[in-house]
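First the structure, in the form of structure tokens, and then the observations on it.
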């Protein structure tokens, strides 16, 4: 089993949780069109791991 983190330790800019707090929903829709990752913290999905705080592959 891989180690999981419960907080964001990287650059938070561009993460879906931050974009949601800024009401940038059109941007979120673009970044989550073909999701391949889910955030282990908040459950949001995104196409790229870099847009989530604690990404985990969906497959």
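Filtered by the rule that a residue be at pLDDT 95 or above and at positive phi, the range 11-30 gives a lone residue, 23.
Taking residues in the range 1-30 that are loosely packed, with under 10 Cβ neighbours inside 10 Å, and partners anywhere that are modelled with pLDDT of 90 or more, the pairs with Cβ atoms closer than 6 Å and at least 6 places apart or on different chains are 4/40.
In this structure, does residue 33 turn out to be touching a residue at least 12 places away in the same chain (Cβ under 8 Å), exposed (fewer than 15 other Cβ atoms within 10 Å of the Cβ) and either at negative phi or assigned to a loop (DSSP other than H, G, I, E, B) (or both)?
yes
Hey, among the residues in the range 49-59 that are part of a loop (DSSP other than H, G, I, E, B) and loosely packed, with under 14 Cβ neighbours inside 10 Å, which one's nearest to the chain's Cα centre (by Cα)?
Here the answer is 58.
The values are calculated or read from the model by the stated rules, or taken from the named source; none is laboratory data. The shown structure was predicted, so the numbers you read here are calculated from the model rather than taken from an experiment. FYI the Cβ positions are ideal-geometry reconstructions off the backbone, even for glycines, and counts take in every protein chain you see.
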